[in-house]
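The values are calculated or read from the model by the stated rules, or taken from the named source; none is laboratory data. Every value quoted in this text rests on a predicted model; they were computed, and no experiment measured them. Cβ placement follows ideal geometry from the backbone for every residue including glycine, while neighbour counts extend to all protein chains displayed. When the accessible area is computed, the model is the full protein with side chains, heavy atoms only, and any ligands, DNA or RNA have been set aside. Shrake-Rupley method; radii C 1.70, N 1.55, O 1.52, S 1.80 Å.
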Amino acid sequence: VFVSDYGTYVANQFVPGRYLKAINPVTLQVTDSVSLGASPGSMTILNGKLFVVCSGTQTSPPRLYQVDPVAVRAEDSLQLSGSVSDIATDGRSLFVLAAAGVGKFAMQPLRTIRNPFISRTGGLYYYALAADGSTGDIYVTNVVSAGGSGRLEIYSSFGLIKRSAAAAGIFPGAIAFK
C-alpha cells in the first residue's frame, strides 16, 4: 500500500511533506519510502507504474512523478504548472487536474501531450477528476459558487464537452464508476 505524505500545519503554517511511503498491509509497518516533490497527493497506476502528483509550494513548482512500485524509487518527473490536485488515467494516458483545466500526459518518458487538454470555461475552479477506462470519457467537478455548489462535466476522449453539466452537490470532491 502506498501513502502520500502531503504535509501538516505547525503554528498555523503549512509545512509540506515530501515522502511517498510503502506500507505492509499485514504488519502496517512502513517498509520503504521515497522522497518526491513538495506535497505528494493524488496517485494512480498505469502500465505497472505508480504516478504521483505533487502540488508544490510557492518556491517549489508542482511535479508529476513516475515511481517504480517494486523498487520504490522515482524513475521520472515532469514539472507542471498551476494549482494541481488530482490525477486519473483512462488506461492509455494520464490526466492531471488543475484549478483551471485538465492536462493530458504520456509516459516513458513523461511528457505533455496537451496542457490544457480541457479548459475550464465557467465556474470558480475544478475540484475532482476521473477518467472512464471503458469509454475514454473525462469527468470533472466544477465548483461554481462561493458556497461550494458544484456541477459534473463530462468530456469526450478528445476533450470536447459531451452534454450539459449536471448539479453535483456541495464541493463535489470525488468521482467513481459503477
Flagged in the stretch 114-135 as open to solvent by 30 Å² or more (accessible area, probe 1.4 Å) and part of a strand (DSSP E or B), in numbering order, are ARG114, ASN115, PRO116, SER119, TYR125, TYR127
Of the residues in the stretch 12-54, those that are in contact (Cβ under 8 Å) with a residue 24 or more places away in the chain, within 17 Å of LEU110 (Cα to Cα) and assigned to a loop (DSSP other than H, G, I, E, B) come to LEU36, GLY37, ASN47
In the stretch 1-34, what residues are farther than 11 Å from VAL72 by Cβ and small (Gly, Ala, Ser)? SER4, GLY7, ALA11, GLY17
Which members of the stretch 66-103 meet the condition of being under 20 Å from GLY37 (Cα atoms), touching a residue at least 40 places away in the same chain (Cβ under 8 Å) and of a type outside the set (A, V, I, L, M, F, W, C)? GLN66, PRO69, SER77, SER83, SER85, ASP86
Pairs where the first residue, in the stretch 152-178, is closer than 21 Å to SER85 by Cβ and the second is assigned to a loop (DSSP other than H, G, I, E, B) and of a type in the set (Asp, Glu), C-beta under 8 Å, 6+ apart: ILE154/ASP137; TYR155/ASP137; PHE177/ASP132
Residues of the stretch 145-163 satisfying the condition of being farther than 18 Å from SER93 by Cα and either open to solvent by less than 50 Å² (accessible area, probe 1.4 Å) or at pLDDT 95 or above (or both): SER145, GLY148, SER149, GLY150, ARG151, LEU152, GLU153, ILE161, LYS162
Would you mind stating whether THR57 is assigned to a loop (DSSP other than H, G, I, E, B) and touching a residue at least 12 places away in the same chain (Cβ under 8 Å)? yes
Looking at (1) within 23 Å of ALA131 (Cβ to Cβ); (2) in contact with a Lys or Arg (Cβ under 7 Å, 6 or more places away or on another chain), can you tell me which one ARG63 breaks? (2)
Which of (1) modelled with pLDDT of 95 or more; (2) farther than 19 Å from SER55 by Cβ is the odd one out, the single condition THR121 does not satisfy? (1)
